[in-house]
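What follows draws every value from the coordinates through simple rules; no lab data is involved. The model shown is predicted, which means the values in this text are computed figures rather than measured ones. Positions of Cβ are backbone-derived with ideal geometry, glycine not excepted, and every protein chain shown enters the neighbour counts.
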């Protein structure tokens, strides 16, 4: 594996984690959004990661010459967990009829879960930056070998 492949894999990880952090920021910003263009409360969004190549892990282990290509965000999905219901009959978005009359549907965003996800994304981003800096240092040291 060349040093440039290492940098490409790390760069793809940085890009994927940036998307994840953007989604977390959107989730936190919409924690009290009760009305969206699609109707109903905001739904939490999550990034699904996948490898850039379609090689399985066992195939990668068997083939020494297989090239790592990094990670990508394969899709962004909405969390299917139910909305939180809060009794607030004076809110303009509260249900006006039926057995949920007076209840307000709030987004399914849990701030604690979002903060934990943000810490994880931040640590993964830091790890990729560390790998990138290490590869850069190794490349610089390799160029210094010929200077004597």
Residue-span extension gain [residue 101 to residue 85] - 0.36 nm each, minus C-alpha spacing: 4.7 nm
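Based only on other Cβ atoms within 10 Å, what is the fewest-to-most ordering of 24, 111, 76? Spell out each step's value before the answer.
Details: 24 25, 111 10, 76 14.
Least crowded to most crowded, the residues run 111, 76, 24.
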Most exposed first, judged by fewest Cβ atoms within 10 angstrom, 103, 42 run 103, 42
For every helix of n ≥ 4 consecutive DSSP H residues, a contribution of -39,500 (n - 2.57) applies; sum these over the chain, divide by its total residues, and give [θ] at 222 nm rounded to the nearest 500 deg cm²/dmol. -16000 deg cm²/dmol
With a cut-off of 8 Å between alpha carbons and a minimum separation of six or more residues, what is the relative contact order of the chain in percent? 32 percent
Across the Cα atoms of the stretch 67-123, what radius of gyration and what greatest pairwise Cα-Cα distance (Dmax) are found, in Å? 18.0, 59
What is the distance, in nm, between label points placed 7 Å from the Cα along the Cα-to-Cβ direction at residue 115 and at residue 62? 4.7 nm
